[in-house]
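Peer 1: Just passing along the structure, written as structure tokens.
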Amino acid sequence: MLALWDLQKTLPICGALLIAALALGGCSSQLADMTPADAQAHAREPGSYLPVHDLPPDRDQATIPPEQRAKIEAELAAARDRQALAAKDAK
């Protein structure tokens, strides 16, 4: 009988503490958005979009010649095949 009396006494207190914790937890997201007083203000430009039509300047370097490109691709394919073989051997 004593345990039931203690449960009836502590249940409302626990409920009130739970409600208070949830209420304060809801406020924490608003507090996190606040900036400190000594923070530097930075200006934002509203509605600034990336420059879509501005093209980068032309490259100063020449493109890779086709024979050098084929050599690089062959080296990459050989490395891929070696890794696939090593992975198969590891299993």
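Peer 1: Might you work out the accessible area of D58 for me, using a 1.4 Å probe with all protein chains in place, and round it to the nearest 10 Å²?
Peer 2: 140 Å²
Peer 1: Per-residue accessible area for L55 at 1.4 Å probe radius, Å² rounded to 10?
Peer 2: Counting only protein heavy atoms, L55 exposes about 150 Å² to solvent.
Peer 1: Not counting ligands, DNA or RNA, and with a 1.4 Å probe, what is T63's accessible surface area in Å² rounded to the nearest 10?
Peer 2: Around 120 Å² of this residue is reachable by solvent.
Peer 1: Same structure, new question: Around E75, what is the net charge, scoring Lys/Arg as +1 and Asp/Glu as -1 over all other residues with Cβ under 15 Å from its Cβ?
Peer 2: Local charge sum for E75: +1.
Peer 1: Give the lysines whose C-alpha is closer than 29 Å to that of K71, dropping any in the same chain fewer than 8 places away, or say none.
Peer 2: Counting by Cα, and skipping residues close in sequence, K71 has these lysines nearby: K88.
The values are calculated or read from the model by the stated rules, or taken from the named source; none is laboratory data. The model shown is predicted, which means the values in this text are computed figures rather than measured ones. We place every Cβ from the backbone using ideal geometry, glycine too, and count neighbours over all the protein chains shown. Accessible surface is based on the protein model in full, side chains and every heavy atom, while ligands, DNA and RNA are left aside. Shrake-Rupley method; radii C 1.70, N 1.55, O 1.52, S 1.80 Å.
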